[in-house]
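**Student:** Have a look at this one before I ask anything.
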Amino acid sequence: MKRTLGVCYYPEHWPEAQWAEDAARMAKLGLTWVRIGEFAWSRMEPQPGRMDWDWLDRAIATLGAAGLKVVLGTPTATPPRWMLDRHPDMIAVDRDGKPRGFGSRRHYCFSHKGYLAECARIVGLMAERYGRNPHVGAWQTDNEYGCHDTTISYSKSAEAGFRDWLAQKYQSPQALNRAWGNVFWSMEYASFDEIGLPNLMVTEGNPSHLMDFRRFSSDQVVAFNRVQTDIIRRHSPCPIAHNYMGQVTEFDHFKVGADLEIASWDSYPLGFLSDRIPASPEHKRRFAHQGDPDFQAFHHDLYRAVGRGRWWIMEQQPGPVNWAPYNPDPLPGMARLWAWEAFAHGAEAVCYFRWRQAPFAQEQMHAGLLRPDSVAAPAHDEAAQVARELADMPDVDLAKADVALVFDYASDWAWQIQPQGRGFHYFWLAFHMYRGLRRLGLNVDILPPDAVDLSAYKLVLGPGLMTLSPALIKALGTCRGAALLGPRTNSKTADFAIPVPLPPNLPGLAATVLRVESLPPDMPVDLAEGGAILHWREKLETTAQVVEASTDGWPALIAAGGLHYLAGWPDDQALARMLTRLCAAQGIETDPLPEGLRRRDTKRHRFFFNYNAVPAEWGGVTIPAAGVHWTMR
Ligand code: GAL
């Protein structure tokens, strides 16, 4: 497959006289795609019902004439100011009951029916007009669902929607009362209309109530997106994408992705490291100009699964961003490395954000491929280098991975609702396992929780999965390789209760969790073979083989045949040992890499990515700081 580059562009930000030259420079740089339109509602419809498409017609024609293909974004993340006069209650409401005002973006509630109708209207007009435009090659719905904490809203519309959703799910208030256990604290309801949203309560809410609200909120995003995809498909043969974010888990991306041809995500490695990755100050310092060595790859693999194989980078960091606590400059080479790493994980396209730095408004401190004065910024030349290299590269088709990691959005909601200890965070548990595998030089596939075929894998990891579906249990049963489950796997029913028989209740594994305890970060429990259990530990009664135990004698890792259960959160040292042994037993070759160096195999190539600020020596070659190295396999 031909892999391509692109850029995000805002024709409405620049004088029309500049468009043709911009387009010519993009084409000369070697770009294929230009994403436009996703924030331009106030220019498409300056007043309610008064449409102005002429400028967009001309922008698309100008880009197309230069040989570029357009990704056309629907503008529904930025409703214009007049929209609020028409729908004053369309704004989302935060946990404290305060409306979230106009003046930035994503100022809408997914449950507001009036706003949804406005979205359907503008998307319909766009799709009719551009659905068969020869220069439009793909669509993007909205922009970054859930970004800026916008999935969950405590509005009146959400409350009404939630009551309907519950009525459909449970059919009677009595059934809901039973499922939630509302006899506890006299919480029983006589009608669905009595049920409120789970905010502004005196103390903690019922976890079943919170969990259903999280499921409902996720379903609202799915439904909102589906309104757009249904309309676009009626008018356009082009694939539809959405641009997801890093570590946004409030909606089930697998479910949104089922309605899209392509998953894409917006990769800002330095912003993410500064803003959202819990890491030691030393790690943050070491990788401040390069990004975390595993965070991007994790999302590449996750979104490859969300896109059922088809995925892009829709926005790639080109230089310093403006929105993180600290915004360092990428080391020379990183704008190239990030793109190559995405291609090695199967990205069809990598689009840089943005073409030219805007000297005005919120993102004036955010770099682009060009400076505000149109002179090339450093990433411009790195993108040009990637374009030349892509032209020379035969292909970077995916190789099969031996190892899979099951990722489940609902489990993230569950353990946010009931962490039972501050250090327990599902996303970071899954990421920790992923990092452990990558440190051993392994390719990893991420799978959804309803994966039914695990037969291709020699090792499958399923940490922290709240409820194992019957399909996954069956798939695990027929898996010929090893599986590593736990901690907390299968420890709740779908209604958010403790199941009886007690967890983990895995077919073929004689083990019961008698007791769990959570631990502060400075209270690790040592393992007999070295390393420790952190944050979370389970006391198991078992007749299965005890593979590892803690120094106080409790089983830490048990096995029955290939099925393994982990009774806690292993630290780096323990995890590396456990994974190395599991791999060895399954005949999976490992390559323990030096800090900051990562490896990725494609069908024909072996890539090395050096996230360090100094050169790395490995396998007889020197990989420059922030450098990429590949060889034929
Ligand atoms: C993304 C967003 C873009 C831009 C960018 C800045 O989250 O989709 O519109 O704001 O961040 O880094």
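The values are calculated or read from the model by the stated rules, or taken from the named source; none is laboratory data. Every value quoted in this text rests on a predicted model; they were computed, and no experiment measured them. Quick reminder, even Gly has a Cβ in these numbers, built from the backbone with ideal geometry, and neighbours come from all protein chains shown. Side chains are part of the model used for accessible areas, which takes the heavy atoms of the whole protein and leaves out ligands, DNA and RNA. Shrake-Rupley method; radii C 1.70, N 1.55, O 1.52, S 1.80 Å.
**Student:** Return a yes/no flag: does region 422-430 have any residue that is basic (Lys, Arg), under 20 Å from Arg577 (Cα atoms) and out of contact with any Pro (no Cβ under 7 Å at 6 or more places or on another chain).
**Tutor:** no
**Student:** Select from region 62-74 the residues that are more than 31 Å from the chain's Cα centre (by Cα) and either loosely packed, with under 15 Cβ neighbours inside 10 Å or closer than 25 Å to Asn225 by Cα (or both) and list them in ascending order.
**Tutor:** Correct list: Ala65, Gly67.
**Student:** Going by the conditions given, is Lys474 open to solvent by 20 Å² or more (accessible area, probe 1.4 Å), in contact with a strand residue (DSSP E or B) (Cβ under 9 Å, 6 or more places away or on another chain) and either under 27 Å from Thr590 (Cα atoms) or modelled with pLDDT under 95 (or both)?
**Tutor:** When the stated conditions are applied, Lys474 does not pass them.
**Student:** With the condition kept exactly as written, say whether any residue in region 269-279 is more than 16 Å from the ligand (Cβ to nearest atom), under 20 Å from Ala613 (Cβ atoms), open to solvent by 10 Å² or more (accessible area, probe 1.4 Å) and not in a strand (DSSP E or B).
**Tutor:** There is at least one residue in region 269-279 that is more than 16 Å from the ligand (Cβ to nearest atom), under 20 Å from Ala613 (Cβ atoms), open to solvent by 10 Å² or more (accessible area, probe 1.4 Å) and not in a strand (DSSP E or B).
**Student:** Can I ask one more? Evaluate region 349-364: report whether one residue or more is open to solvent by 10 Å² or more (accessible area, probe 1.4 Å), in contact with a strand residue (DSSP E or B) (Cβ under 9 Å, 6 or more places away or on another chain) and more than 21 Å from Val71 (Cβ to Cβ).
**Tutor:** Among the residues of region 349-364, not one is open to solvent by 10 Å² or more (accessible area, probe 1.4 Å), in contact with a strand residue (DSSP E or B) (Cβ under 9 Å, 6 or more places away or on another chain) and more than 21 Å from Val71 (Cβ to Cβ), which makes the answer no.
**Student:** When you scan region 45-60, how many residues do you find that are open to solvent by 50 Å² or more (accessible area, probe 1.4 Å) and closer than 15 Å to Asp22 by Cβ?
**Tutor:** 1
**Student:** Scan region 375-393 residue by residue and report those that are touching a residue at least 60 places away in the same chain (Cβ under 8 Å) and either within 16 Å of the ligand (Cβ to nearest atom) or among the hydroxyl-bearing types (Ser, Thr, Tyr) (or both).
**Tutor:** Ala379, the sole residue that qualifies.
**Student:** A follow-up question, please. Residues Leu447, Leu442: which one is modelled with pLDDT of 95 or more, over 23 Å from Pro592 (Cβ atoms) and either touching a helix residue (DSSP H, G or I) at 6+ places or on another chain (Cβ under 9 Å) or buried (at least 24 other Cβ atoms within 10 Å of the Cβ) (or both)?
**Tutor:** None of the other options fit; the residue is Leu447.
**Student:** With the condition kept exactly as written, say whether any residue in region 477-495 is in contact (Cβ under 8 Å) with a residue 60 or more places away in the chain, under 20 Å from Ala544 (Cα atoms), crowded, with 17+ Cβ neighbours inside 10 Å and polar (S, T, N, Q).
**Tutor:** Checking region 477-495: at least one residue is in contact (Cβ under 8 Å) with a residue 60 or more places away in the chain, under 20 Å from Ala544 (Cα atoms), crowded, with 17+ Cβ neighbours inside 10 Å and polar (S, T, N, Q).
**Student:** Next question. Return the residue satisfying two criteria in turn: it lies in region 150-171 and is under 25 Å from Asp266 (Cβ atoms) and either without any contact (Cβ under 8 Å) to a residue 24 or more places away in the chain or more than 16 Å from the ligand (Cβ to nearest atom) (or both), and of such residues it is surrounded by the most Cβ atoms within 10 Å (Cβ to Cβ).
**Tutor:** The first filter runs over region 150-171 and keeps only residues under 25 Å from Asp266 (Cβ atoms), leaving 150-153.
Narrowing further to those that are either without any contact (Cβ under 8 Å) to a residue 24 or more places away in the chain or more than 16 Å from the ligand (Cβ to nearest atom) (or both): 152-153.
Values: Ile152: 24, Ser153: 26.
Checking each candidate, the answer is Ser153.
**Student:** Can you tell me which residue is nearest to the chain's Cα centre (by Cα) among those in region 405-435 that are of a type in the set (Gly, Ala, Ser) and open to solvent by 10 Å² or more (accessible area, probe 1.4 Å)?
**Tutor:** By that ranking, first place goes to Ala410.
**Student:** Another question, if that's okay. Those residues that are assigned to a loop (DSSP other than H, G, I, E, B) and away from the ligand (no atom under 16 Å from the Cβ), I need them from region 302-328; list them, please.
**Tutor:** Going residue by residue through region 302-328, those that are assigned to a loop (DSSP other than H, G, I, E, B) are 307-310, 317-328.
Answer for region 302-328, where residues must be assigned to a loop (DSSP other than H, G, I, E, B) and away from the ligand (no atom under 16 Å from the Cβ): Gly307, Arg308, Gly309, Arg310.
**Student:** Closer than 18 Å to Tyr611 by Cβ and touching a Lys or Arg at 6+ places or on another chain (Cβ under 6 Å): which single residue out of Ala344, Ala324, Ala335 fits that description?
**Tutor:** Ala344
**Student:** Only one of these conditions is not met by Leu579: (1) in a helix (DSSP H, G or I); (2) over 22 Å from Leu454 (Cβ atoms). Which number is it?
**Tutor:** For Leu579, the exception is condition (2).
**Student:** Restricting to region 195-217, name every residue that is of a type in the set (Asp, Glu) and without any contact (Cβ under 8 Å) to a residue 12 or more places away in the chain. Full working, then the answer.
**Tutor:** Just the residues of region 195-217 that are of a type in the set (Asp, Glu), to begin with: 204, 212.
Within region 195-217, Glu204 is the sole residue that qualifies.
**Student:** Next question. Count, please, the residues in region 135-149 that happen to be aromatic (Phe, Trp, Tyr), more than 12 Å from the ligand (Cβ to nearest atom) and either in a loop (DSSP other than H, G, I, E, B) or within 10 Å of Leu197 (Cα to Cα) (or both).
**Tutor:** Adding up the residues that qualify gives 0.
**Student:** Can you run down the residue pairs with Cβ atoms below 8 Å, 6 or more apart or on separate chains, where the first is in region 348-361 and away from the ligand (no atom under 11 Å from the Cβ) and the partner is modelled with pLDDT under 95?
**Tutor:** Hits for this filter: Glu348/Met1.
**Student:** Moving to a separate point now. Using beta carbons and a limit of 6 Å, which pairs, at least six apart or on different chains, have the first residue in region 511-524 and touching a residue at least 60 places away in the same chain (Cβ under 8 Å) and the second one assigned to a loop (DSSP other than H, G, I, E, B) and open to solvent by 60 Å² or more (accessible area, probe 1.4 Å)?
**Tutor:** Short answer, once both residue conditions are applied: Ser518/Gln420.
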